[in-house]
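The values are calculated or read from the model by the stated rules, or taken from the named source; none is laboratory data. As the structure is a computational prediction, the values presented were derived from the model and not from experiment. Here the Cβ positions follow ideal geometry from the backbone for every residue, glycine too, while neighbour counts run over all protein chains shown. Each accessible area value is taken on the protein alone, full model and side chains, heavy atoms only, with ligands, DNA and RNA left out. Shrake-Rupley method; radii C 1.70, N 1.55, O 1.52, S 1.80 Å.
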Amino acid sequence: MTTDNKLKKNHPQKANWVPGVLIAIAVSYLALVQYIPAINVFFQAFRKGIIPFFANLSTPQFLHAAWLTLLLAAITLPINTVFGLCAAWAITRHKFPGRAIVISIIDLPFSISPVVAGLMLVLVYGKRGWFGGFLEATDLQIIFGFPGMLLATSFVSMPFVAREVIPVLEEFGKDQEEAARTLGANEWQIFWRVTLPSVRWGLLYGLILTNARTMGEFGAISVVSGNIIGKTQTLPLFVEDAYKQYETEAAFSAAVLLALLAVVTLVLKEILERKTHIQDVE
Amino acid sequence: MKASMTLETNRKVPFWKVFIDNVIHLPWTWRITIAYLTFMLLMPITALFLKASTLPTAEFWEIATSPLALATYNVTFITAILAALLNGVFGTLIAWVLVRYDFPLKKIFDATVDLPFALPTAVAGLTLATVYSENGWIGSFLAPLGIKLSFTRAGVWVAMIFISLPFVIRTVEPVLQEMEHDVEEAAWSLGASQWETFWKVILPPLFPTILTGVALGFSRAVGEYGSIVIISSNTPFQDLIAPVLIFQRLEQYDYAGATVIGVVLLLISLVLLLGINFLQAWSRRYDNR
């Protein structure tokens with residue numbers, strides 16, 4: 001507002017209609033691409049009322065898919081937290097050549113297509129893959145089973161924690177950790193009492209993004225899971241499957257839950273962005 | 001103290017000895033990081049390349065350039081570039097509006113830009129297919145004009161626009177925020193029009209950043225699977241994209257076919273990643289001035 005007024009004062013001949021038109025174009029574009037489709041999810045799910053909606057959500061297939069999605073997130077989150085914290089600590093606390101390359105390597109899962117990620121897992125753990133013979137001999141099933149889905153979700157959501165924690169750790173610096181060290185704290189104590197509290201908001205932010213990606217992942221999981229209803233079907237797979245079977249209402253009922261997950265993610269993201277920002281200023 | 005010690009040893013013993021010594025005495029954080037990266041990333045990528053290397057070069061080339069594969073590259077890459085370019089224009093405009101203007105509900109507007117990051121792709125595909133179908137909210141307005149979006153290549157384009165939009169906005173926004181007003185005002189006081197100021201003063205330093213955003217969006221659109229598999233009819237030579245072709249090959253247990261297309265996609269994403277890193281370095285050039 002202030003900048004706008006200032007500009008106007010400097011330039012009386014400046015066209016007043018420009019901001020209005022630009023804002024209108026921006027809002028319309030976002031409406032066409034994002035808002036109308038987003039509202040449509042809720043509209044379609046509740047089109048026939050609340051009762052069919054809940055009927056769709058109490059089928060055994062749906063309940064199993066929801067349970068599996070939660071389970072995947074519950075295991076992926078801690079694994080990727082440990083990795084992300086270790087990677088962030090290692091990268092920010094040691095100066096070494098090729099640091100940029102290591103960060104790029106950690107970011108790789110973002111640029112690899114989820115389907116290619118799934119394909120790679122099939123080539124390692126599938127029947128005709130590297131460990132195929134060994135896995136068959138020991139009766140372990142990774143592809144078309146829960147372990148494969150776990151690997152796929154961990155893969156696609158791997159970089160989030162490290163990526164959010166690295167800038168916070170860098171900003172925070174080593175001073176307090178070194179002060180703690182000279183006061184006789186051991187590495188564990190330094191980590192729990194000094195480092196972790198300082199990165200907590202960044203870590204939480206990374207975890208929220210990890211969670212959203214884990215629960216919503218579709219491509220990699222559909223390659224490795226085999227999509228067996230009531231066995232290896234997660235919520236996004238349930239959505240696609242129901243849609244393909246022309247059970248549009250069931251598809252949209254499940255989609256509403258995933259859309260609510262997205263809303264919660266966006267709200268928490270906004271809050272945490274503010275928190276981390278305030279910390280930066282201090 | 002530690003640093004000075006390494007410097008001293010550097011002078012006395014050869015480099016490789018220091019290197020091996022460092023590797024052996026790695027802190028445990030590094031060990032976990034390296035082990036996890038090896039297990040999760042390096043091993044699968046190696047498996048993909050090793051599998052591809054078992055194919056004779058001629059056969060690899062034949063599969064990679066078969067008419068069907070070429071048609072999927074055409075749909076994937078041309079459509080992704082068209083989506084990313086459109087978002088380059090509108091994303092920059094939205095970032096500009098978010099940084100420079102104030103209007104009611106701006107906070108919500110700003111927060112919802114990230115919706116494609118948070119909304120699962122299956123849901124995005126489902127709702128886009130419905131909204132842009134012939135009797136959908138938007139599609140029903142386009143149908144009388146003879147425009148069909150869902151289950152065509154144009155639908156693939158719409159899905160790619162959806163998932164790549166935030167990349168442009170979120171890349172351009174911070175750079176625009178840091179840009180000084182002074183230069184613009186100087187241009188104005190020298191008599192430049194608004195349009196000239198934008199074209200000659202604001203756009204040139206912003207251009208590498210916009211290009212980075214476009215490249216990021218493009219890279220995401222090329223790999224996208226979930227929303228596109230739902231909104232397209234997956235018809236070969238029409239709207240079949242490369243990731244879906246990989247999936248179909250795997251379903252037919254054609255591992256060689258899947259691997260070849262997978263390697264092509266992976267190599268292209270690696271080239272894109274390099275390009276994006278280069279673009280980011282290029283746009284940072286302006287920071288130091």
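Keeping all protein chains in place and using 1.4 angstrom, which order do A:Arg200, A:Arg213 fall into by accessible surface area, from largest down?
Values: A:Arg200 110, A:Arg213 55 Å².
I get A:Arg200, A:Arg213, largest accessible area first.
For segment B:56-108, the normalised intensity computed at q = 0.13, 0.18, 0.30 Å⁻¹ comes to -0.55, -0.71, -1.03 (log10 of I(q)/I(0), Debye sum over alpha carbons, equal scatterers, no solvent). Out of every Cα-Cα pair in segment A:60-281, what percent are more than 30 Å apart? In whole percent, the long-distance tail amounts to 34.
May I ask you to derive the FRET efficiency for B:Thr65 and A:Asn16 from their Cβ-Cβ distance with R0 = 60 Å, giving the value to the nearest 0.05?
Values: r = 56 Å, r/R0 = 0.94.
Efficiency, from the Cβ-Cβ distance: 0.60.
Scaled against 2.2 N^0.38 Å for its residue count N, the alpha carbon radius of gyration of segment A:130-258 is 1.51. Highest GNM mean-square fluctuation among B:Gly223, B:Gly139, B:Gly91, for chain B modelled with Cα contacts below 10 Å: B:Gly139.
Karplus-derived 3J(HN,Hα) values for segment B:117-134, using 6.51 cos²θ - 1.76 cosθ + 1.60 with θ = phi - 60°, are 6, 8, 7, x, 5, 4, 5, 4, x, 4, 6, 5, 4, 6, 5, 9, 7, 4 Hz; glycine and proline are entered as x. Roughly how many Å is it from the Cα centre of segment B:28-80 to that of segment A:109-153, as a whole number? About 14 Å separates the Cα centre of segment B:28-80 from the one of segment A:109-153.
At a threshold of 8 angstrom on Cα-Cα distance, excluding pairs fewer than six apart, so keeping six or more, what relative contact order does chain B reach in percent?
Computed over chain B, the figure is 26 percent.
Each 20 Å bin from 0 upward holds the following percent of the Cα-Cα pairs of the protein assembly as shown: 19, 51, 27, 3, 0. So for segment A:60-186, considering every pair of alpha-carbon atoms, how many percent are separated by more than 20 Å? It works out to 60 percent of all Cα pairs. Rounded to whole numbers, the Karplus 3J(HN,Hα) couplings from phi for segment A:241-246 are 5, 4, 4, 5, 8, 6 Hz, using 6.51 cos²θ - 1.76 cosθ + 1.60 with θ = phi - 60°, and x at Gly and Pro.
Buried accessible area for the B:A pair, summed, 1.4 Å probe, in Å² rounded to 100?
Working: alone 17950 and 17110 Å², together 27390 Å².
Counting protein atoms only, the buried area is about 7700 Å².
For B:Arg285 and A:Val102, what is the calculated FRET efficiency with R₀ set at 25 Å and r taken between the beta-carbons, to the nearest 0.05? Calculated transfer efficiency: 0.65.
Among A:Thr138, A:Thr153, A:Thr232, the largest mean-square fluctuation in a Gaussian network model of chain A (Cα springs under 10 Å) belongs to A:Thr138. The 3J(HN,Hα) values that the Karplus relation (6.51, -1.76, 1.60; θ = phi - 60°) gives for segment B:71-79 are, in residue order, 5, 5, 4, 4, 4, 5, 7, 5, 5 Hz. Gly and Pro appear as x.
Taking only the Cα atoms of segment A:184-282, the radius of gyration and Dmax are 19.2, 66 Å.
Hey, with R₀ at 51 Å, roughly what FRET efficiency would B:Val89 and A:Arg200 work out to, going by the Cβ-Cβ distance, to 0.05? Write out the running numbers ahead of the final one.
Details: r = 39 Å, r/R0 = 0.77.
For B:Val89 and A:Arg200, the calculated efficiency is 0.85.
For segment A:24-53, chymotrypsin sites (Phe, Trp or Tyr not before Pro) are listed when DSSP marks them as loop and at most 16 other Cβ atoms sit within 10 Å of their Cβ; the list is A:Phe46.
Taking only the Cα atoms of chain B, how large is their convex hull per residue, in Å³?
On the way: hull volume 67.0 nm³, N = 289.
Per residue, the Cα convex hull of chain B comes to 232 Å³.
Label zone (A:Glu171, point 7 Å along Cα-to-C-beta; backbone nitrogen cut-off 17 Å) within segment A:200-236: A:200-209. The calculated P(r) of segment B:120-228, using every Cα pair and 10 Å bins from 0, goes 14, 30, 23, 21, 12, 1 in percent. Extent of segment B:1-159 along its three principal axes (Cα atoms, max minus min coordinate, largest first): 80, 56, 25 Å.
For segment B:98-163, divide the Cα radius of gyration by the Kirkwood radius and give the resulting Rg/Rh value with two decimals.
Numbers: Rg = 14.5 Å, Rh = 13.3 Å.
Radius of gyration relative to Kirkwood radius: 1.09.
Over segment A:60-281, what relative contact order in percent results from Cα pairs under 8 Å that are six or more residues apart?
Relative contact order of segment A:60-281: 30 percent.
Other protein chain C-beta atoms within 10 Å of residue C-beta, averaged over A:251-260: 4.
According to the calculation over all Cα-Cα pairs in segment B:168-268, the P(r) per 5 Å bin from zero is 2, 11, 15, 14, 11, 8, 8, 8, 8, 7, 5, 3, 1, 0 %.
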